[in-house]
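Take a look at the structure set out below.
Taken together, the values in this text are just the output of simple stated rules run on the coordinates, not laboratory data. In this text, all values refer to a predicted model and were calculated from it rather than measured experimentally. Here the Cβ positions follow ideal geometry from the backbone for every residue, glycine too, while neighbour counts run over all protein chains shown.
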Amino acid sequence: MSRFVERHPAWALISIIAIAVGLWLVFAIWPPGLEEAIGRKRVFLNAVFNGITLGGLYFLVASGFTLIFGLMRNVNLAHGSLYLFGGYVGYAVSTATGSWILSFIVAFILTALVGVLLQLIVFRRMEGQDLRQTMVTIGLSIVFADLMLWACGGDFYQIQTPNWLIGPVDLPLVTAIKSSGEPVYLRYPMVRLVIFAASVVIGVAMWLALNRTRIGMIVRAGVDDRDILAATGVRIQLVFVLVFAFGAGLAGIAGVVGGTFQSLSPGEDIRFLLASLVVVIVGGMGSIAGAALGALIIGLAEQLGSVYIPTYAIVVTFLIMVLVLAIRPQGLLARR
């Protein structure tokens, strides 16, 4: 980050000003003229928090994608199918057992097993062949989509939120002042806050595992020079299978999360695959911190855009991607 400031002082200054303005908009009491110009503060804060929590969901999907694509150099364009598959599994488990927590566990295990099969049957036979991997996984994603449509139909499904997470919680953010002088605080769904907190915990744990543990050192060394690592006696193929399974399992967990505060339906696999690609491109391939930053930026852009410029909301996301590619092609926080 310090190098970025030294090389691009103008963009660093613009970023600092944007962050300062954003913090003022969140914490300050808006003057009447501002509300007349851009609308009520409650609407703005809801869009901000929706963007942050959506960023948490995007991070869960994209972190698995950046492990598989950014670290292992496996082009898995069926990653969105893993997301939707995990969501359907979570819905089936929660409906059958009534346990929300169990749906995460089963979705992670089954999606990880599908990831193991993909790694053993597809990617191990095509190591280093990016074009073949791309074409094969596109074909697999179409097959998976048709199979899930056949099995689950074209209906919308939503995973039931557990009772202990139902309802809003008061946040210490003032949205307005009553005529009596009493402040009105923002109320926001607890389930979204809990899910975002869980995504933060998962992200921190992944970063620590990759950068502060022996397993992370082995994974990074295997990416840089797998032949030398294999010569030291490390079973590199087993390591890659486990990493691929973990990345696929994260997509399954994200499917349960998405099915809880959004919905599951045909086409969601393509949507989240595209979101993962954009997040990884913006944040930088192979970087967990980059995936987090990219997910936050894209989530906020989507939600704020849908509120203030709904016609062009999707365009904003791709404009951000183009801007990052023009200024820093490797991504904002790419691995060195």
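Karplus-based coupling profile of segment 106-111, in residue order and whole Hz: 5, 4, 4, 5, 5, 5, with θ = phi - 60° in 6.51 cos²θ - 1.76 cosθ + 1.60 and x standing for Gly or Pro.
How big is the charge dipole of segment 33-327 about its Cα centre, in debye rounded to the nearest 20, if each Lys and Arg gets +1 on its Cβ and each Asp and Glu gets -1 on its Cβ? Each step should come with its number before you reach the end.
Numbers: 16 positive and 14 negative charges, 93 e Å.
Computed about the Cα centre, the dipole is about 440 debye.
Its alpha carbons considered, segment 25-103 gives a radius of gyration followed by a Dmax of 19.4, 53 Å.
Residue by residue, segment 137-153 carries 3J(HN,Hα) couplings of 6, 4, x, 5, 5, 5, 5, 4, 4, 5, 5, 5, 5, 5, 7, 10, x Hz when phi is fed to the Karplus relation 6.51 cos²θ - 1.76 cosθ + 1.60 (θ = phi - 60°); x denotes Gly or Pro.
Under a point-charge model restricted to the Cβ atoms of Lys and Arg (+1) and Asp and Glu (-1), what is the dipole moment magnitude of segment 38-181 relative to its Cα centre, in debye to the nearest 20? Display every interim value, and only then the final one.
On the way: 8 positive and 5 negative charges, 83 e Å.
My answer is approximately 400 debye.
The translational diffusion coefficient of segment 121-213, from Stokes-Einstein at 10 °C and 1.306 mPa s with a Kirkwood hydrodynamic radius over alpha carbon pairs, comes to 84 µm²/s.
Normalised by the number of residues in the chain, the average gap of Cα pairs under 8 Å and 6 or more apart makes the relative contact order 32 percent.
Protection proxy ranking, highest mean first, for peptides 210-216, 98-104: 98-104, 210-216, where packing is the per-residue count of other beta-carbon atoms within 10 Å, averaged. For SER287, the residues whose amide H sits under 5 Å from its own are ARG335, ignoring neighbours fewer than 5 places away on the same chain, with H placed 1.01 Å from N.
Starting from the Cα gyration tensor of the chain, multiply each eigenvalue by 5, take the square root, and state the resulting semi-axes largest first in whole Å. Mind showing how you got there, number by number?
Values: eigenvalues 249, 133, 64 Å².
For the chain, the semi-axes come out at 35, 26, 18 Å.
Put one equal scatterer on each alpha carbon of segment 163-316, apply the Debye formula with no solvent term, and list log10 I(q)/I(0) at q = 0.09, 0.10, 0.20, 0.21 1/Å to two decimals. Debye curve over Cα of segment 163-316, log10 I(q)/I(0) at q = 0.09, 0.10, 0.20, 0.21 Å⁻¹: -0.44, -0.53, -1.41, -1.47. Each residue of segment 308-324 was assigned a 3J(HN,Hα) from its phi angle through the Karplus curve 6.51 cos²θ - 1.76 cosθ + 1.60 (θ = phi - 60°); the sequence is 9, 9, x, 5, 10, 4, 5, 5, 4, 4, 6, 5, 4, 4, 5, 5, 5 Hz, with glycine and proline shown as x.
Between amide H atoms placed 1.01 Å from N, distances below 5 Å from ALA176 occur with VAL184, all of them 5 or more places distant or on a separate chain. For the chain, the mean residue ellipticity at 222 nm estimated from helices alone is -23500 deg cm²/dmol, where every DSSP H run of n ≥ 4 contributes -39500 (n - 2.57) and the total is divided by all residues, rounded to the nearest 500.
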